[in-house]
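The structure under discussion appears below in the form of structure tokens.
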Amino acid sequence: MIIITDKKNCTGCHACFNICPQHCITMESDREGFWYPVVDEKKCIQCGLCEKVCPVLHKELVQNEPKAYACMNKDEIIRLQSSSGGIFTLIAEHIIDKGGVVFGASFDKNFTVVHHHVDTKEKLSQLRGSKYVQSKIGDTYKQVKDFLIQGRMVLFSGTPCQIEGLKSYLRKPYQNLFCVDIICHGVPSPKVWQKYISYRENDVGSSIGKIFFRRKNEGWKRFSVSFLFKNNKEYIKTFDKDLYMQAFLKNICLRPSCYDCEFKTLHRKSDITLADFWGIQNVFPKMDDDKGTSLIFVNSNKGQIMLEKIKDYIICNEVDIHKAVSYNSSAIRSVQCNPKRDNFFHELDSYSFDQLVKKYCSDSLMLNIKKKVKSIIYVVLKKIGLLEVVKRILRKTRI
């Protein structure tokens, strides 16, 4: 029987919920809004399956040699509708063309982020684009297994811990399963997200019609959060000015497991990893048009075959994986826990969203951006051999 004694050891992947033969496990929200398994001990038959499929309790090392690529979809319309380079759409379309189904994160009617599947290209827009909230897996692992047994191809996209949860649940490899994960910063609380939605709706006086986390109206690097309301009004702010993104990038509302993530590594169970290629202007300047460039890790033979299948529809250049990761350290390193996190959640129900962010996140985003810029400058200067020269110049200017 699975018992969570330390919340940082549970990613909320739902593997235990899906595997339980007695249906005695429910995923319930804690006071912060994150899902954790709760076992009905009266129904439990002590089979131990919930513990066996837990990817945290049974971490498996992956031995592979991933390759990294800078890629972008040649279809500029799809690329502008995507978070980065529009590669997910090409992979998903290939799976659908083979009669397969595609699982990913989408908004439900209440704009809760949930996992579900589509099997037509017209519905792929539901899964396209980033959702900076933890998605609820529900029973989608069971659905995946049913499709696999039927012989249909399945593309499952999600965070690294969700991919690990799925593969642990399945307990054996399937040739017709293709997995895509992302370089994940961390997953914010669904409760915090719902509080923000309510704040925006009350501010405008209308319910929401559509949400976009990554509008490229001011470019890919300065993407915007957009809310389209049913009264035809729109809220749109660049990520550095949006209250929710400030809280997200401040690392103040993430799941406890995200601060010590077990699955940040270059050696992943997915077939392909997708991310933004931050720093592309320094690696391949010709691929930097500020409309979105993807960083891809090819982690398996299936991943390499897929890249070959879509090669005619993309611009693609292989890059040194370590150089690429130097601009996106979230691939291998967890974010630091914000020291104000506990107070933020303790007062989550006591303040309006804007008051809460103002109290705990003011000026923090710019500090984070400055730290990231300094880190990038440091890496670049070190690589080109000018770090010591710059240090000497700075020392002289201080005298």
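The values are calculated or read from the model by the stated rules, or taken from the named source; none is laboratory data. If you're wondering where the values come from, they're calculated on a predicted model, not measured in any experiment. Glycine gets a Cβ as well: all are built from the backbone with ideal geometry, and neighbour counts include every protein chain shown. To get the accessible areas, we keep the full protein, side chains included, count just its heavy atoms, and leave off ligands, DNA and RNA. Shrake-Rupley method; radii C 1.70, N 1.55, O 1.52, S 1.80 Å.
Could you run through the stretch 149-165 and say how many residues are aliphatic (A, V, I, L, M) and either open to solvent by 20 Å² or more (accessible area, probe 1.4 Å) or under 15 Å from Val114 (Cβ atoms) (or both)? I'd like the intermediate steps shown before the answer.
Narrowing the stretch 149-165 to residues aliphatic (A, V, I, L, M): 149, 153-155, 163.
Those left that are additionally either open to solvent by 20 Å² or more (accessible area, probe 1.4 Å) or under 15 Å from Val114 (Cβ atoms) (or both): 149, 153.
Residues flagged as aliphatic (A, V, I, L, M) and either open to solvent by 20 Å² or more (accessible area, probe 1.4 Å) or under 15 Å from Val114 (Cβ atoms) (or both) within the stretch 149-165 amount to 2.
So Val180 fits all but one of (1) part of a helix (DSSP H, G or I); (2) farther than 29 Å from Asp342 by Cα; (3) under 14 Å from the mean Cα position of the chain (by Cα); (4) of a type in the set (Val, Ile, Thr); what number is the exception?
(1)
Conditions (1) open to solvent by 20 Å² or more (accessible area, probe 1.4 Å); (2) farther than 25 Å from Ser29 by Cβ; (3) outside any helix (DSSP H, G or I), marked per residue:
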position	(1), (2), (3)
Gln134	no, no, yes
Phe147	yes, yes, no
Lys167	yes, yes, no
Tyr174	yes, yes, yes
Val192	no, no, no
Tyr196	no, no, no
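For Val357, which of the numbered conditions (1) of a type in the set (A, V, I, L, M); (2) assigned to a helix (DSSP H, G or I); (3) under 26 Å from Thr89 (Cβ atoms) fails to hold?
In the conditions (1) of a type in the set (A, V, I, L, M); (2) assigned to a helix (DSSP H, G or I); (3) under 26 Å from Thr89 (Cβ atoms), Val357 misses (3) alone.
Testing Thr265 on (1) within 21 Å of Cys184 (Cβ to Cβ); (2) touching a Ser or Thr at 6+ places or on another chain (Cβ under 8 Å); (3) not acidic (Asp, Glu), one condition comes back false. Which one is that?
Here Thr265 clears every test but (2).
All but one of (1) open to solvent by less than 60 Å² (accessible area, probe 1.4 Å); (2) over 24 Å from the mean Cα position of the chain (by Cα) hold for Ile3, so report the exception by its number.
Here Ile3 meets the rest and fails (1).
Would you check which residues across the stretch 237-293 are basic (Lys, Arg) and farther than 18 Å from Lys67 by Cβ and list them?
Initial filter on the stretch 237-293 (basic (Lys, Arg)): 237, 241, 250, 255, 264, 268-269, 286, 291.
Scanning the stretch 237-293 gives Lys237, Lys241, Lys250, Arg255, Lys264, Lys286, Lys291.
From the list Val102, Val118, which one is of a type outside the set (Lys, Arg) and crowded, with 21+ Cβ neighbours inside 10 Å? Spell out how you get there, then give the answer.
Working: Val118 fails: crowded, with 21+ Cβ neighbours inside 10 Å.
Exactly one of Val102, Val118 is of a type outside the set (Lys, Arg) and crowded, with 21+ Cβ neighbours inside 10 Å, namely Val102.
Is it the case, given these coordinates, that Ser168 is out of contact with any strand residue (DSSP E or B) (no Cβ under 7 Å at 6 or more places or on another chain), on the phi < 0 side of the Ramachandran plot and touching a residue at least 60 places away in the same chain (Cβ under 8 Å)?
Numbers: out of contact with any strand residue (DSSP E or B) (no Cβ under 7 Å at 6 or more places or on another chain): yes; on the phi < 0 side of the Ramachandran plot: yes; touching a residue at least 60 places away in the same chain (Cβ under 8 Å): yes.
Here the answer is yes, as Ser168 does meet what is asked.
Here are some residues: Ser300, Ser270, Ser294. Which one is open to solvent by 30 Å² or more (accessible area, probe 1.4 Å) and at pLDDT 95 or above? It would help to see each step written out before you state the result.
On the way: Ser270 fails: open to solvent by 30 Å² or more (accessible area, probe 1.4 Å); Ser294 fails: open to solvent by 30 Å² or more (accessible area, probe 1.4 Å).
Of Ser300, Ser270, Ser294, the one residue that is open to solvent by 30 Å² or more (accessible area, probe 1.4 Å) and at pLDDT 95 or above is Ser300.
For the stretch 67-82, which residues satisfy the criterion of being open to solvent by less than 20 Å² (accessible area, probe 1.4 Å) and either polar (S, T, N, Q) or under 22 Å from Leu170 (Cβ atoms) (or both)?
Asn73, Ser82
Under 6 Å between Cβ atoms, which residue pairs at least 6 apart in sequence (or on different chains) link something in the stretch 63-74 that is more than 15 Å from Lys302 (Cβ to Cβ) with a partner that is polar (S, T, N, Q) and open to solvent by 10 Å² or more (accessible area, probe 1.4 Å)?
Ala70/Asn317
Quick check on my filter: what residues within the stretch 1-21 are in a helix (DSSP H, G or I) and either touching a Gly at 6+ places or on another chain (Cβ under 6 Å) or within 26 Å of Lys172 (Cβ to Cβ) (or both)? Talk me through it step by step, then tell me what you get.
Here is the first cut: in the stretch 1-21, the ones in a helix (DSSP H, G or I) are 7-9, 15-19.
Those that are in a helix (DSSP H, G or I) and either touching a Gly at 6+ places or on another chain (Cβ under 6 Å) or within 26 Å of Lys172 (Cβ to Cβ) (or both): Asn9, Ala15, Cys16, Phe17, Asn18, Ile19.
What tally of residues in the stretch 22-53 results from selecting those that are open to solvent by 20 Å² or more (accessible area, probe 1.4 Å), within 25 Å of Gly104 (Cα to Cα) and in a loop (DSSP other than H, G, I, E, B)?
Within the stretch 22-53, residues that are open to solvent by 20 Å² or more (accessible area, probe 1.4 Å), within 25 Å of Gly104 (Cα to Cα) and in a loop (DSSP other than H, G, I, E, B) number 2.
Residue check: is His23 at positive phi and either in contact with a helix residue (DSSP H, G or I) (Cβ under 7 Å, 6 or more places away or on another chain) or of a type in the set (A, V, I, L, M) (or both)? Steps first, please.
Numbers: at positive phi: yes; either in contact with a helix residue (DSSP H, G or I) (Cβ under 7 Å, 6 or more places away or on another chain) or of a type in the set (A, V, I, L, M) (or both): no.
For His23, the condition - at positive phi and either in contact with a helix residue (DSSP H, G or I) (Cβ under 7 Å, 6 or more places away or on another chain) or of a type in the set (A, V, I, L, M) (or both) - is not met.
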